[in-house]
Amino acid sequence: MFEQTDPNQIQLTAEGELKHFITTEGLSLEILTEILDTADSFVDMSAKQVKKVPLLRGKTVVNLFFEASTRTLSTFELAAKRLSADVLNLNISTSSTSKGETLKDTLMTLHAMHSDMFVVRHSSSGAAHFIAEHVTPDVAVINAGDGRHAHPTQAMLDMLTIRQAKGEFAPLSVAIVGDILHSRVARSQIHALRTLGVTDIRVIAPNTLLPRHIESLGVKVYTNMQQGIKDVDVVMMLRLQKERMNSALLPSESEFYKLYGLTMDKLALAKPDAVVMHPGPINRGVEIASSVADCERSLILDQVTNGIAVRMAVMSMAMSGQAKSRPNPHEAGE
Amino acid sequence: MTSNALNADALLDKMKQGLQALLSQGHKPDPLMIGIHTGGAWLAEQLHKDLQITSPLGALDISFHRDDFDQSGLNPKVQPSNLPCSTEGRHILLVDDVIMSGRTIRAAMNELFDYGRPASVTLITLLDLQQRELPIQADIIGGTLAISADQTVKLTGPAPLALEIRNRSEN
Amino acid sequence: MNIHIKGGRIIDPANQLDQIADLYISDGKISAVGETPNGFVAEKTIDASNKVVCPGLIDLCAHAREPGPSQKGSIKTETMAAVAGGITTMITPPTTSPIIDNSAVAELIKDRCIEAGKMTIKPMGALTKGLEGEQLAPMMALASSGCIAFTNARRPVANSLVLMRCLEYAATHDLLVIFQAQDAALAKGGCMHDDSTCTRLGLTGIPESAETIEIARCLLLTEQTGVRAHFGQLSCERSVRMISEARERGLPVTADVSIQNLLLTDESVNGFNNDFHLIPPLRSQLDRAGLIQGLLGGSIQAICSDHQPHERAAKEAPFADTEPGMIGLETLLPLALLLVEQNMLDLPQLIEKLTSEPAKILGLESGTLTAGSDADICIFDPAEEWTLTPEESYSRGKNTPFMNYPLKGKVSYTFHQGKQVFPQEH
């Protein structure tokens, strides 16, 4: 009854360049590869004495975190500063917003202060979409996590880490283990892996932690970890939040660990050169054994380093897309 | 020179002679050669070898220091800059293939100065297209060329090195 | 006033009438259909050629929002919207503020409605005090004050014994109970149908069992207590099957469905489109097909609008943070006509589901053009193409995906008790 347009295309300019980064879903192989390649150049940069580039000098980046997070907030702050941007951090707890200003009003106020980019983390799925589509379409919106919908920068830093370790995506077998139901990271990872060419994507979880019809995203479902992890190249563990025990989703942490925790025994079922990843912070003894988290096949620390580079990449690309899609009154010289 | 294919070797020789003469004056002891990606890096490699510069060769990618980010956005094909030693107090020999408006050199110098304070920077370019928009000049050039607004010059390489005049639309 | 409606296609399903004929109104009642009554002198004549003349529509569920938050609507604005949509009777839920669990509120609504002077509101009364699901509401008093049926809306009656007692009490006085079936715990926090679109969007879903479990409980208690029962705004194919089975067993329950659940599915939510945040939710293609089947097969007898007006701010937030609901009074008819266009029903069958069937369910004498009935009449042009715009919409709320959408079928005149209420006469 209504014209079907792909809602994820609001992320792109008319020329197909990134101007918002909201979800990995709906982005082409070319764009995802460009993000990885651009991030690569920033990884090299981070290793040198000079860590700053002037790309975003004079631009204001506002970190708008409606959900508390020290780790993600600080990596975004660092990324923005390395691009020479002016950074404003706003940690707004949901309760104060619901008492006073609506999300829309908060953003309109910030917009009036001439911000160039919003990095938003919010507990409601669709928050980033809402902002990009209805509130401030001319300000680059970077999604730092919205409800259970997407965490695209995490997914891309995971992809970069996989690419560094394994090279090609197509022949890989990847397992995502844990609380898929509540995971925005898992959803973003699945879309990215598929677009990058991985055909064997497995989700491993008990039924209570699997979203309805998750297979429709193009994954194979396993409730038995031993079966699911067999011969995989990459094991991506997800965080299990303590609250899940209280909502009748799991009986106990120890039962979860016994069945779905990544131990050296279970890892032995994967390929001998399989790598282990986790978005952090890790719950040792709940999702993953210390021995595995600290072993040489664990890429957890690489993920952290790549996090800054990937965020620098998407911030530069989105700012570039926004600038180019604005009507330009004068020509540029060489 | 009006033919579409310019004599890159002849220009390179002239550059080499100029640089040799400068170095023998003795005011730039233990110079550090840095080429600007991509054409300048190829030329620098050649010069570095032919003139037997002892310090390791460096390369600079100026993509992140360009002044036209708002108009042209980000170059997706960035290559890493590689400066093998500190630039602090050194005499830099900066090499590029073409100098036109001067903005590339400004970007390169901005980036260089982020790394440290050099003792001096000497600019060596193969070709000067004499269409400055900024007050920046090369110290040593291979040659000059006048081209029209719809033309551009491209150095191909790394071997053999060759210069071509192209119409802008061909890019 | 004597009114002569000339040359329209009279569709009166209650009397199985479908023919071009004249209609005569006298003293607020239908005087005759067809032959001019003796001594009738028309004081006003309306040319209804190429138009349909049918009973005023009866909407089994629409929110007028009064008493309550005025930014969402008032009886004045929403009754105007109703008659603009050809609706002359609407049933409103007790979820006002204060709740319709005492006569004073019911009387207030009655008074406001008369003041507005456009159409009739027959409110539903609360089944339990405060809709809290614990104590019986004073149903007889509410019925005397005009409540046509009783419901606990979508608020839980957690204790089955309490629910049983409510139904027994209603049955004692032959009162109609309307169930808006939703299991509170299963539906908690949910904002759309729990399926692949919901999974992709990372929203909390409402599984079909949230509706079917409550329907099962209500059907069994209805059977046990013998209460007259109606199931409002079904959303699942499974629910239709359950109602169907119950009816086959001889249990005289009835059901309705909103026009949006007949036309749309959960896929519309794609992209977090707040217009499609609805409770009950839009469900799958299978559910939609099942609801249509139910309507065609007679397990569902009526179509309603489930009109829920909201102020702009209520829909301007991330999906799950918005308030659910869409307006529907002014679009009910043109959207329902799509079912005729898609050859699922013929026009008289459609009109039946908007007039005589709702009247039957409620035990009303309206919904018909029988001589002697109140002259509640809708005259519409089934071929007229138009769009609803925010400026021209009478409802205070503008929250519908069908705003500025090409519609076909527009109301030309609405009469209520013989008085022309739309278009407004000056």
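Derivation of every value follows stated rules applied to the coordinates shown; laboratory data play no part. Here the structure is a predicted model, which is why all the values come from computation and not from measurement. All Cβ positions, even for glycine, are placed from backbone atoms using ideal geometry, and neighbour counts span all protein chains on display.
Rg and Dmax of chain A, both derived from C-alpha coordinates alone, stand at 20.0, 66 Å. Distances between placed amide hydrogens fall under 5 Å for residue A:202 paired with A:174, A:175, A:176, A:220, all partners being 5 or more residues away or on another chain.
Kindly provide the GluC sites (Glu not before Pro) of segment C:93-158 that DSSP labels as loop, not H, G, I, E or B, and whose Cβ sees at most 16 other Cβ atoms within 10 Å.
On the way: sites: C:107, C:115, C:132, C:134; in loops: C:132, C:134.
When the GluC sites (Glu not before Pro) of segment C:93-158 are filtered for loop state and at most 16 Cβ neighbours within 10 Å, C:134 remain.
Suppose R0 equals 60 Å; then what is the FRET efficiency for residue A:88 and residue C:20 from their Cβ-Cβ distance, rounded to the nearest 0.05? Computed FRET efficiency for residue A:88 and residue C:20 comes out at 0.25. Across peptide C:314-324, the average count of Cβ atoms from other chains found within 10 Å of a residue's Cβ is 6.
For segment B:12-130, the Cβ-based charge dipole about the Cα centre amounts to some 220 debye (Lys, Arg positive; Asp, Glu negative; other atoms uncharged).
Distance from the alpha carbon centroid of segment C:1-69 to that of segment B:82-105 works out to 90 angstrom.
Model label points for residue C:209 and residue C:275, set 7 angstrom from Cα along the Cα-to-Cβ axis, are 3.4 nm apart.
Can you tell me the alpha carbon radius of gyration of segment A:248-293 divided by the globular rule-of-thumb value 2.2 N^0.38 Å? If you can, show how the numbers build up before the last one.
Values: Rg = 11.2 Å, N = 46, 2.2 N^0.38 = 9.4 Å.
Compared with the compact-globule rule of thumb, segment A:248-293 sits at 1.19.
Mean residue ellipticity, 222 nm, helices only, chain A: the sum of -39500 (n - 2.57) across DSSP H runs of n ≥ 4, divided by residue count and rounded to 500, is -11000 deg cm²/dmol.
Between residue B:86 and residue C:313, what FRET efficiency follows from the Cβ-Cβ distance if R0 is 45 Å, with the result rounded to 0.05? That gives a FRET efficiency of 0.15.
Residue B:49 versus residue C:172, label points 7 Å from Cα toward the beta carbon: distance in nm? Placing both labels 7 Å along Cα→Cβ, they lie 10.6 nm apart. Show log10 I(q)/I(0) for chain B at q = 0.11, 0.20 Å⁻¹, two decimals, from a solvent-free Debye sum over equal Cα scatterers. At q = 0.11, 0.20 Å⁻¹ the computed log10 ratios are -0.44, -1.51.
In the distance distribution for segment A:150-203, Cα-Cα pairs more than 15 Å apart total 42 percent.
With a Cα cut-off of under 26 Å and a minimum spacing of 8 residues unless on different chains, the lysine pairs in segment A:152-301 number 15. Annotation: amide H-H contacts under 5 Å for residue C:17 (H modelled 1.01 Å from N, sequence separation of 5 or more, or interchain): C:12. Using the Cβ-Cβ distance between residue C:134 and residue C:223 with R0 set to 22 Å, the FRET efficiency from 1/(1 + (r/R0)^6) comes to roughly 0.40.
Please report the antiparallel percentage of DSSP beta bridges with both residues in the protein assembly as shown, rounded to the nearest 5.
Working: 39 of 123 bridges.
Around 30 percent of the beta bridges assigned by DSSP in the protein assembly as shown are antiparallel ones.
Remark: relative contact order (segment C:56-362) = 17 percent; criterion is Cα-Cα distance under 8 angstrom and separation of 6 or more residues. 3J(HN,Hα) along segment A:266-278: 5, 4, 5, 7, 6, 4, x, 9, 5, 10, 10, 9, 7 Hz, from the Karplus curve 6.51 cos²θ - 1.76 cosθ + 1.60 with θ = phi - 60°, whole Hz, x for Gly and Pro.
Per-residue ellipticity at 222 nm for chain C, helices alone: DSSP H runs ≥ 4 residues times -39500 (n - 2.57), over residue total, nearest 500 deg cm²/dmol?
Numbers: 13 runs with 125 residues, N = 426.
So the helix-based figure for chain C works out to -8500 deg cm²/dmol.
Put a plus charge on the Cβ of each Lys and Arg, a minus charge on the Cβ of each Asp and Glu, and nothing anywhere else: the dipole of segment C:56-362 about its Cα centre is then about 400 debye. Working from label points 7 Å from Cα in the Cα-to-Cβ sense, the residue C:6 to residue A:15 distance is 6.7 nm. Among the residues of B:60-67, the average count of other protein chain beta-carbon atoms within 10 Å of the residue beta-carbon is 3. Taking all Cα pairs closer than 8 Å and separated by 6 or more residues, the relative contact order of chain B comes to 26 percent.
Computed over the protein assembly as shown, the convex hull of the alpha-carbon atoms projects to a mean area of 47.1 nm². Of the cross-linked pairs C:29/C:315; A:324/C:408; A:52/B:16; C:76/C:129; C:51/C:398; C:29/C:129, those separated by over 31 Å at the C-alpha level are C:29/C:315; A:324/C:408; A:52/B:16; C:29/C:129. Rg ratio for segment A:152-301: its Cα radius of gyration over 2.2 N^0.38 Å, N being its residue count, equals 0.94.
The trypsin sites (Lys or Arg not before Pro) of segment A:212-295 that DSSP puts in a loop, and whose beta carbon has at most 16 other beta carbons within 10 Å, are A:212, A:230. Amide H contacts of residue A:142 (H built 1.01 Å from N, in plane; Pro and chain starts excluded): A:21, A:118, A:119, A:120 sit under 5 Å, all sequence-distant by 5 or more or on other chains. Phi-derived couplings, Karplus 6.51 cos²θ - 1.76 cosθ + 1.60 at θ = phi - 60°, listed residue by residue for segment C:42-56: 6, 8, 9, 10, 10, 8, 9, 5, 6, 10, 9, 10, 9, x, x Hz, with x used for Gly and Pro. The mean sequence separation of alpha-carbon pairs under 8 Å and at least six residues apart, normalised by the residue count of segment A:1-54, gives a relative contact order of 22 percent. When Rg and the Kirkwood radius Rh are both evaluated on Cα atoms of chain C, their ratio Rg/Rh stands at 0.96. Per residue of A:187-194, other chain Cβ atoms within 10 Å of the residue Cβ number 1 on average.
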